[in-house]
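First the structure, in the form of structure tokens, and then the observations on it.
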Amino acid sequence: MTAGTYAAEQGWPEHAVLLARILYPYLDGHAHHAESLPLYGRALQAARHLGDRGGEVHLLNEWMSMNARQGRYDPAHDDAKHARDLAREIGDRYGEARALNALGDMRWRERDDLRAEERFRAALELFREVDAGTDVAIVLGNLGLVAGRQGRYDEAEGALRQALAGFEAIGLPGGQGTIRANLGQICLWRGRPAEALEHYRQALEHHRGLDYPSGEADALNGMGTAARHLGEMTQAVEDHRAALAMAVEAGDPARQAAAHEGLARAHRERGERDLAREHAAGALDVYVRMGLPEADDMRAFLAG
């Protein structure tokens, strides 16, 4: 990262662009989001200086992703739209698909399932067109969550099973971990917490093998929620506390908020109302800062 930033500052823009693009999978996969922003800002400027529009599309997508991971959705949304429009202009179907998938994810977080699904399906079509197998599996995982939240459980599990098979064929354990966590969420929505718990445990194993703290936090939060639905409040508290620690390590505000929310609900079930309110307030603060609709859920919790 230091070399990339130095290259941009010392008149070697090509090196800055290439280093940023090469480093992205590692930096994103190990949750080095906050410390990566200077590199991507410099690299994006370098691509524009070079007139490298293809590089600009990819760096916009990566800059956008780094911001979104830290809960800065407004600038991320603007950058994703810019990446989509520029990719269409230069005929970069893969770059367009990445931007569409990101825009779908932001709509998903806003609980706008209709527009999220539209963007995911458009991204899926483009990824299939350019034979991007890994990305096809990613979008199938996203479509599975959308279908599940709408109560289309069989369709959701079908999409997620396809995604899981895709990641297994490619040999990507991180993708398998993400899809296992998604399957856990579907099981929770279907009222099957014991089955959900097993999916989340497998997700945790995959992410621990990769040193991916955000993925670990996600799996631990799922395990805590499943434990709470099973009536195991002590275990739920332990899992959410572990998730909170991992999310803080990763600098991941969305998963920090989810851990606080899980702790609030588990502590209330144990009759520990002061602790419940403390964690609910922590979750509310993050949800408000991120502009997420879960803020209303926490307001209702605190009012109850």
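Here's the yes/no breakdown for (1) more than 27 Å from TYR287 (Cα to Cα); (2) touching a residue at least 24 places away in the same chain (Cβ under 8 Å); (3) among the aromatic types (Phe, Trp, Tyr); (4) part of a helix (DSSP H, G or I):
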{"site": "GLY104", "(1), (2), (3), (4)": "no, yes, no, yes"}
{"site": "LEU114", "(1), (2), (3), (4)": "no, no, no, yes"}
{"site": "GLU118", "(1), (2), (3), (4)": "no, no, no, yes"}
{"site": "LEU126", "(1), (2), (3), (4)": "yes, yes, no, yes"}
Of residues in segment 166-177 being open to solvent by 60 Å² or more (accessible area, probe 1.4 Å) and not in a loop (DSSP other than H, G, I, E, B), the one farthest from PRO213 (Cα to Cα): ALA169
Quickly run through segment 83-92 and pick out the residues that are open to solvent by 30 Å² or more (accessible area, probe 1.4 Å) and part of a helix (DSSP H, G or I). ARG84, ASP85, ARG88, GLU89, ILE90
Could you list, in sequence order, all residues of segment 18-48 that are open to solvent by less than 20 Å² (accessible area, probe 1.4 Å), under 16 Å from MET64 (Cβ atoms) and in contact with a helix residue (DSSP H, G or I) (Cβ under 6 Å, 6 or more places away or on another chain)? ALA20, LEU27, HIS33, SER36, LEU39, TYR40, ALA43, LEU44, ALA47
Options ALA219, ALA196, ALA242, ALA258; residue that is touching a residue at least 12 places away in the same chain (Cβ under 8 Å), touching a Cys at 6+ places or on another chain (Cβ under 6 Å) and assigned to a helix (DSSP H, G or I): ALA196
If we ask which residues in segment 150-163 are in contact (Cβ under 8 Å) with a residue 24 or more places away in the chain and open to solvent by less than 20 Å² (accessible area, probe 1.4 Å), their number turns out to be 3
Report yes if GLN202 is under 26 Å from GLN162 (Cα atoms), of a type in the set (S, T, N, Q), in contact with a Lys or Arg (Cβ under 8 Å, 6 or more places away or on another chain) and open to solvent by 20 Å² or more (accessible area, probe 1.4 Å), otherwise no. yes
Residue pairs, Cβ under 8 Å, 6 or more apart or interchain, first in segment 202-216 and within 17 Å of ALA226 (Cβ to Cβ) and free of Cβ contacts under 8 Å to residues at least 40 places away in the same chain, second among the hydroxyl-bearing types (Ser, Thr, Tyr) and buried (at least 18 other Cβ atoms within 10 Å of the Cβ). List them. ALA203/THR178
By residue number, the members of segment 69-82 that are among the small types (Gly, Ala, Ser) and either open to solvent by 20 Å² or more (accessible area, probe 1.4 Å) or assigned to a loop (DSSP other than H, G, I, E, B) (or both) are GLY71
Going residue by residue through segment 225-243, is there one that turns out to be within 18 Å of the chain's Cα centre (by Cα), closer than 27 Å to ALA34 by Cβ and modelled with pLDDT under 95? no
Give me the pairs: first residue in segment 280-304 and on the phi > 0 side of the Ramachandran plot, second residue open to solvent by less than 60 Å² (accessible area, probe 1.4 Å) and of a type outside the set (Val, Ile, Thr), beta-carbon distance under 8 Å, and six or more apart or on different chains, which are they? GLY291/TYR73
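Yes or no, residue by residue, for (1) farther than 21 Å from ILE22 by Cβ; (2) crowded, with 16+ Cβ neighbours inside 10 Å; (3) modelled with pLDDT of 95 or more:
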position	(1), (2), (3)
LEU50	no, no, no
ASN67	no, yes, no
TYR94	no, yes, yes
LEU103	yes, yes, yes
Got at least one residue in segment 108-124 being hydrophobic (A, V, I, L, M, F, W, C), open to solvent by 70 Å² or more (accessible area, probe 1.4 Å) and either over 22 Å from TYR24 (Cα atoms) or at pLDDT 95 or above (or both)? yes
Would you be able to say whether some residue in segment 130-146 is out of contact with any Phe, Trp or Tyr (no Cβ under 9 Å at 6 or more places or on another chain), open to solvent by 40 Å² or more (accessible area, probe 1.4 Å) and assigned to a helix (DSSP H, G or I)? no
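The values are calculated or read from the model by the stated rules, or taken from the named source; none is laboratory data. None of the values given here were measured: they were computed from a predicted structure. Because the Cβ atoms are built from the backbone with ideal geometry, glycine has one as well, and the counts that use them run over all protein chains shown. All accessible areas refer to the heavy atoms of the entire protein, side chains included, with ligands and DNA or RNA removed. Shrake-Rupley method; radii C 1.70, N 1.55, O 1.52, S 1.80 Å.
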